[in-house]
1. Using Cα pairs closer than 8 Å and at least 6 residues apart in sequence, work out the relative contact order for the stretch 96-162, in percent.
2. Evaluate the relative contact order of the chain (contact order divided by residue number), counting alpha-carbon pairs under 8 angstrom at least 6 apart; express in whole percent.
3. Under 19 Å Cα to Cα from Lys706, which aspartates and glutamates show up? Leave out anything in the same chain fewer than 8 places away.
4. Counting other C-beta atoms within 10 Å, which of Thr451, Thr421, Thr301 has the fewest, and how do the rest follow?
5. For the chain, what is the calculated [θ] at 222 nm in deg cm²/dmol (nearest 500), taking -39500 (n - 2.57) for each run of four or more DSSP H residues and dividing by its residue count?
6. Would you tally the net charge around Asp589, using a Cβ to Cβ cut-off of less than 12 Å, leaving Asp589 out, and scoring K and R as +1, D and E as -1?
7. Leaving out same-chain residues fewer than 8 places away, which lysines sit with a Cα under 25 Å from that of Lys475?
8. Given the chain, what percent of its DSSP beta bridges are antiparallel, to the nearest 5?
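FYI, it's all coordinate maths here, none of it is from the lab. Not measured: the values here are computed from a predicted model. Cβ: placed from backbone, ideal geometry, glycine included. Neighbour counts: every protein chain shown.
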Amino acid sequence: MENNLGENESITLSEVRLVLIGGRWAGKSSSGNTILGEERFECGRIRTAQSEKRHAMVGGRRLIVVDTPGWRSSLSLTEIPEVDKQQLKLNASMCMPGPNVFLLVVPIDTAFSVESRRTVEEHMKLLGERVWRYTMVLFTCGDFLGEKTIEQHIESEGDSLKWLMERCRNRYYVFNNHEQSPSNQVIRLLEEIDEMVWRNNGSYYEVDEQTLDIIKKKQQAVAERAEERRRRSEEQSHHMKALIAGAMITIPKLHMVLLGSRSVGKTSVGNTFLGNKEQEIGKRTARSVARQGFVGHTEITLVDTPGWWKGFPVCDTPEAIKDELLISPFQCRPGPHVFLLVIDADASFNAKHLRAVTTHMDLLGDGVWRHTIVVFTRGDWLGTHTIEQYIEGEGEALQSLVEQCGNRYHVIDNKNADDGTQATELLGKITETVAGNGRDYFVPDEKIYQTIEERKKSVKKGAIVRQSQVHAKRKTLRESSKELQELTVVMLGQKTSGKSVTGNNLLCKDVFATCQSESCQVGEGEVAGRLVRVIDTPGWRKDPSRCTKEMDIEIVQGLSLSPLGVHAVLLVVPLDLAFRDAQQAALEDHMNLFDASIWKHTVVLFTYGDKLADKSIEEHIEREHSALRWLIDKCENKYHVMNNRKKADMSQGTELFEKIEEMMAGNGEQLFCPEMNDVYLRIEEKFTRRQLKHVLKQRLNEEYQKRELKLMAGFKETLLELQADIRDSVTSTKSMSLSEYVTAMGG
């Protein structure tokens with residue numbers, strides 16, 4: 001809706017409708033309270049789990065303010081639950097006929113990175129391109145600016161924030177948390193909104209009724225299915241409780257194993273269950289570890305396990321982590337009563353995630369499913385929605401998983417982790433499951449344990465041999481190596497291998513954006529008495545066929561940023577993902593763009609070293625697929641481990657620099673300086689071969705189809721002739737007398 005306002009007229013809205021949007025902990029609720037002039041939204045350590053609307057009269061105007069749950073900047077839109085996407089679209093309908101302004105809240109004390117831009121862009125797309133016309137950036141934590149102006153902050157922050165300003169047509173305002181008179185800030189903000197509405201000819205963001213209708217119908221269908229699931233679950237529970245009471249079943253000891261992907265809150269579930277903080281939340285679990293405790297009078301043995309990458313099937317999980325999963329049932333002999341499969345209720349769950357779960361669970365055998373309960377974490381983020389609505393709203397993948405577990409599920413509220421009733425309720429569901437299984441344990445195959453133990457012995461022997469070879473070689477080279485005053489390295493590797501984070505750790509400062517970069521970047525700094533220069537490059541894809549010529553050119557471009565050459569090529573390999581034939585093929589596809597001498601200058605740099613736990617890197621190498629040993633041998637046993645969580649540990653970088661200096665001594669102090677024209681020529685040849693192969697395949701398919709059509713035509717002609725012969729035969733037979741038929745048949 002638009003009002004035709006004169007060019008020189010101004011507008012003062014009697015009613016202002018605002019929707020606060022943005023990332024988590026950006027200060028939306030606090031800003032809403034400032035605008036309303038009183039504490040109407042819960043804020044501080046309380047997270048906004050559902051959209052809420054509040055009203056107030058401020059300066060003679062009626063204000064309608066909608067506060068919304070923040071989005072997680074670490075997740076792409078595909079990882080966001082469907083219910084959250086729908087709610088974002090519905091937020092505008094909470095202040096009908098539509099909001100005058102969306103206040104996009106951005107905290108000044110947090111960097112607005114490329115990743116922040118991606119998150120904002122993806123979420124705003126849900127509201128349509130027209131939303132930008134009604135959006136204003138509201139900066140919070142204005143006191144963080146100090147002597148700087150907001151304009152200086154925008155200019156110094158980088159391209160991502162400048163992009164946001166352009167999208168919002170340079171509409172922004174700053175809230176200073178420490179201002180003595182917050183009402184003055186609000187008055188000025190409302191004046192800015194008045195001007196924006198005037199420039200929009202008095203229009204507001206109109207809610208698409210058709211979209212709302214579709215979403216509401218979906219929500220109604222979800223609510224009906226959710227109610228049916230809840231009813232089935234309650235009936236199932238009542239039946240089991242009656243069975244337990246009738247048979248007077250008591251289970252004084254319970255064994256259970258926690259399973260799930262990384263960062264879903266497995267350790268937090270254990271702490272909630274056992275009522276202690278023995279395990280550190282946020283720290284990655286690298287080994288299967290058994291813990292004991294009591295819930296009421298029931299003795300509990302609970303085994304925590306390392307998580308797999310969410311969305312990655314078991315073939316991408318390192319062998320060492322698979323061994324830890326396989327060995328977990330043996331940590332609570334004779335075996336676990338239940339497996340608690342932990343799922344994050346604050347994230348999406350699709351077919352990719354289902355495949356990851358099922359392929360990892362299948363390691364333990366078919367019998368695992370009848371002993372499994374799905375435990376949803378972060379239930380406090382569901383808001384007014386039930387866990388059943390989340391299950392039904394996410395779609396077939398999650399519904400299928402819950403059904404495979406016999407419709408056994410439970411939700412934990414992480415906000416009230418110390419609430420003992422949560423553990424008691426979960427214990428009740430576990431007891432029902434155990435009773436339903438006749439109090440049977442999941443008994444693992446003892447041969448699996450023996451195989452793993454024998455393999456450990458073999459791995460340790462191989463690791464000792466490799467260690468001795470490396471130490472002997474380093475000792476020889478150390479005698480002739482010298483400390484370099486300047487050091488230039490280039491990092492190569494697959495996407496998500498941890499190159500940028502590692503580059504920041506080497507320089508002991510944040511230089512490289514940790515989201516996926518599409519171009520080469522250079523950072524430098526003084527580290528351990530050396531001037532260190534790090535060249536970060538875009539990662540290549542796991543599937544070489546998905547790499548374009550432009551991608552390859554940008555990857556190799558990193559070498560041209562140091563015309564005199566580099567002291568080392570750091571080939572970055574993550575320890576928490578498998579390195580198999582596919583990874584080897586992708587790596588060779590790119591390393592072959594350079595001449596063979598590159599291997600003499602290459603060090604394999606393992607990231608996520610915290611995943612090793614108490615194992616040596618040599619044990620990891622020996623336990624993994626033969627492709628990793630091929631790589632290490634190709635680099636003549638030159639490798640190093642970085643623990644990405646120990647950012648302040650300068651010794652990690654110092655030891656790597658010493659290894660590079662030793663490698664330089666072995667290379668006669670020569671830098672790696674490829675002839676870039678030859679490299680670009682190899683790229684041309686590579687994609688010419690690929691194009692020829694594609695054309696040849698296309699022609700073969702066309703020829704095959706032609707021959708197939710020709711054969712089909714021939715078959716059709718033959719078939720028609722046979723049908724004609726049969727018809728003629730039948731006709732002539734009908735016209736014969738009985739004696740003629742007998743004679744024709746040889747009678």
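1. Values: 50 pairs, mean separation 33.2, N = 67.
The normalised contact order for the stretch 96-162 reaches 49 percent.
2. Details: 1176 pairs, mean separation 71.9, N = 747.
After rounding, I find 10 percent.
3. Straight-distance partners of Lys706: Glu717.
4. On the way: Thr451 13, Thr421 8, Thr301 18.
Result, fewest neighbours first: Thr421, Thr451, Thr301.
5. Details: 22 runs with 334 residues, N = 747.
The helix contribution divided over the chain gives -14500 deg cm²/dmol.
6. On the way: positive: Arg541, Lys542, Arg546, Arg682, Lys686, Arg689, Arg690; negative: Asp543, Asp552, Glu588.
Once all neighbours under 12 Å are counted, the net charge is +4.
7. Leaving aside lysines fewer than 8 places away in the same chain, those within reach of Lys475 are Lys460, Lys461, Lys600, Lys615, Lys634, Lys638, Lys659.
8. On the way: 22 of 84 bridges.
DSSP beta bridges in the chain are roughly 25 percent antiparallel.
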